[in-house]
Structures are given as C-alpha cells and as structure tokens.
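A short worksheet on the structure shown next.
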Amino acid sequence: MSANLAAYATSSGEAFQFWVLGTVAVVGALATILMKKAMHSALSLAGTMIVLAVFYLANGAYFLGIVQIVVYTGAIMMLFLFIVMLVGVTAADSLKETIKGQRWWAAACGLGFGILLIAGIGQASLTEFAGLGAANSAHGGNVEGLAALIFTKYVFAFEITGALLITAAVGAMVLTHRERTERARTQRELSEQRVREGKHLPPLPAPGVYARHNAVDIAGLLPDGTPSELTVISTLRKRGQIRDVSTEAMADLKALEQRSEERLGRDRDEEEATR
C-alpha cells in the first residue's frame, strides 16, 4: 500500500524542479514565437528542448533524455542555427507573408489545438499507474523496454512514421530540385551576348590596384587617381563597406612625384656642374 502511495506522491525536490524548469520551458516556448530575430527564436527553442531532456532524465527515461539532447538539440537545432547564420535571416524577412492571412489561420489552429488539449486533459483520469520503473524492469532496462514496445506493440505506427519521414524528405528534394528547361549556353555564346549588350568584356580589375592596400573592400585607383567601382564586388558596394583611401593615396602619390622631381632636379644640376 505504501509503495502505491509513493508512486502517486510528489516530493518537495520534484515539485521544485518541475515548477522552476517548467517556467523556463514555457518562457522559452513563448520566446520562440514572440522573438523578432530568428537566431533568438532558435536559441529559445534549444533551451526548451534541453529542459524537456531534463524532465525525461528525472523521470527515469534515460534513453529519451539522451536522444533529446544529442539528436534534437545537438544535431537538428545546431543545423538550423548554422543555416540561419549562413543564409542571414533578418527581422524584416520574417514580416513578409507569402500567403495572405496565414497568421490568422495559424492563431485559429493554435487556439483550437489548445482547447482540444485542455479538454482532453480535463477528461483524463488515471485510476492505475504502473510506473516507469515497473515497465523498465519488465524488459531489463529503459532501452530494452522502449525497443520491445516499438518493435512489438507499436511496430506499425513506427513503420508508418518512418515512411512519412522518408516521403517528406523525398518531397523536399523534389520541390527544391529545378530541372533545366533550356539548353545551357556555351562560353562562346555568353561572350557574344556580352559583346552585343556592350558589357565589360575583359576580366574585371583586381581590388586595390594602384592603391596602398590590396584588400577586397578597397577600390582600385585608375591612372588619374580616381577610384574604380568595378574593382569592388556589388555586395560590398550595396552594404557601404568600401574603405576610401583615394585621398591618402593621391597625397602619397603627389609626395612621391615631388620627391622624384627634386631628385631629378639635383641630378640635372650635378650633371651640368660636371660639364
């Protein structure tokens, strides 16, 4: 009788852990959908996943806890973060709706799901509770018990889930693959098109030509000392990340010319004096 009461009772440490970590999980979940920057939303979701892993470990589901950390938080979320950092998603991009009214539909679906969830939890009643320890001991451990349930009782659900994931992966590859509908043009055809359009025919000059530096964000100088915009890529020009050293370069060039004239003048005077 005491063992059954202990299964239903909650210790003060478990209650403290639940309320503290549960609050962190709820805050992280709300921050995931309320943050304006995609990077902050992804980090909030990673924190929520870590809290869920702690809940799994605290309840004796060690396999699910480790999988939650290694697979979901460590692999999937980190991959998502890398993609966000490489692509560069900004707050302005997140405000653009590709489908009109999708925010209202999402809010309505979320509200309906919340009502169904609250109604389901309110109608649920647990009269008997076997406990995770009893379920694990029946098969010799948590991993063994989970494997026995997946490959015996829930084998069809597991196979259907795997088929759905494979179908989703194949569908994503099909949607992202773009089949070429026209013949690829040769280098000769591309060069002839550039000639007809009157574009810059020879290769573009390298950055920093005739300048003091050869960095990619420094425009090269033409023979008259003016900077050439062709020497810096268009991305840096649009961002305004071009360092202008034309004034400094012109001053150095002027000083060099002056020293050269002085040197030539002294050489000429010495030559006349020797004659």
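Here, each number is a calculation from the coordinates, and none is a lab measurement. These numbers were taken from a predicted model, which means no experiment stands behind them. Glycine gets a Cβ as well: all are built from the backbone with ideal geometry, and neighbour counts include every protein chain shown.
Placing a pseudo-label 7 Å from each Cα along the Cα-to-Cβ vector at Asp217 and Ala169 gives an inter-label distance of 4.1 nm. Under 22 Å of direct C-alpha separation, and excluding same-chain neighbours fewer than eight residues apart, Lys36 reaches these lysines: Lys96, Lys100. Packing-based ranking of 60-69, 188-197, 24-33 yields 60-69, 24-33, 188-197, ordered from highest to lowest mean Cβ neighbour count within 10 Å.
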